[in-house]
Every structure is written in C-alpha cells, then in structure tokens.
Amino acid sequence: MKIILRPHLKIRLEQRRIPQESPELIVKDPEKRFFDTETGREIAIKKLEYNEKIRSMVVVYDIIEGEIQIITIHPVSEQEIQNKLNRGRWIKR
C-alpha cells in the first residue's frame with residue numbers, strides 16, 4: 001500500500017524533532033493497533049527512541065482508496081493508552 005505523509009504530519013515531525021522515517025516504521029510494523037471510535041481513524045503504536053528515551057509513539061492515519069495517509073505522530077504514555085481503552089474510545093484491531 002502506498003504511504004502518504006500529510007502536510008500536518010510534516011509540520012509535527014519538524015516541531016517535535018521526530019525522524020522523518022519514524023511514521024512509516026510505525027505503520028509498517030506496529031506493536032499495537034487500534035481503531036479510534038471518536039474520529040474513525042486508525043492508530044498504530046510502536047516504541048522508538050524519542051528525546052533520548054524509549055517512548056511509545058502514536059501514528060494516526062486513514063486508509064483512503066488503498067493509500068495509507070498518515071495524519072500525525074506524537075508520544076503517548078501507557079496510562080493514556082489504557083484510559084482510551086477503558087473509555088471505549090480506542091478498540092483493539
């Protein structure tokens with residue numbers, strides 16, 4: 001599947017000083033996958049080095065006409081993940 005980096009993602013990569021290849025690495029080989037019931041978007045999570053620590057990084061993306069369109073990327077805590085699961089916002093894929 002073709003992967004598209006949306007303009008918002010490119011801004012976030014620069015602002016957060018995240019390597020350009022990270023979003024694609026996460027989408028291609030996630031440790032966890034969820035569906036966001038509020039936004040209707042796909043969520044992929046993988047632990048990567050970020051700010052000299054190993055952190056869980058979230059990639060939010062859509063699948064449109066056979067293309068993966070990555071919207072944003074950000075670090076997330078295990079507690080935040082658990083909270084979204086407990087509230088039913090995210091469901092496991």
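The values are calculated or read from the model by the stated rules, or taken from the named source; none is laboratory data. What you are looking at is a predicted structure, and each value in this text was computed from that prediction instead of being measured. Every residue, glycine as well, gets a Cβ built from its backbone with ideal geometry; the counts of neighbours run over all protein chains shown. Remember, those area values only see protein heavy atoms, side chains included, never the ligands or the DNA or RNA. Shrake-Rupley method; radii C 1.70, N 1.55, O 1.52, S 1.80 Å.
Before moving on, here are some points about what is shown:
- Each residue of segment 46-61 is assigned a 3J(HN,Hα), and the resulting list reads 8, 7, 9, 6, 8, 6, 6, 9, 8, 10, 6, 10, 9, 10, 9, 8 Hz, derived from the Karplus form 6.51 cos²θ - 1.76 cosθ + 1.60 (θ = phi - 60°), x at Gly and Pro.
- Over the chain, accessible surface divided per residue gives 64 Å², non-protein components excluded, 1.4 Å probe.
- Residue-level accessible surface for Arg55, protein heavy atoms, 1.4 Å, Å²: 80 Å²
- For segment 62-76, 3J(HN,Hα) computed residue by residue from phi via the Karplus equation (6.51, -1.76, 1.60; θ = phi - 60°) reads 10, 10, 10, 6, x, 10, 8, 10, 7, 9, 7, 9, 6, x, 9 Hz, glycine and proline entered as x.
- Amide hydrogen neighbours beyond the local backbone of Thr72, cut-off 5 Å, H modeled: Val60
- For Lys10 and Thr37, the difference between the fully extended length at 0.36 nm per residue and the C-alpha to C-alpha distance is 7.2 nm.
- With contacts taken as Cα pairs under 8 Å at a separation of at least 6 residues, segment 1-65 carries a relative contact order of 23 percent.
- For segment 81-86, backbone phi angles converted through the Karplus equation (6.51, -1.76, 1.60; θ = phi - 60°) give residue-by-residue couplings of 4, 4, 4, 5, 5, 4 Hz, Gly and Pro being listed as x.
- Simple Cβ-charge dipole of the chain, Lys/Arg +1 and Asp/Glu -1, about Cα centre, in debye nearest 20: 220 debye
- Where only C-alpha atoms are counted, convex hull volume of the chain per residue in Å³: 93 Å³
- Carbon-plus-sulfur accessible fraction, segment 37-93 (probe radius 1.4 Å, protein heavy atoms only): 43%.
- The packing ranking of peptides 69-79, 2-12, highest mean first, is 69-79, 2-12, where packing means the average number of other beta carbon atoms within 10 angstrom of each residue.
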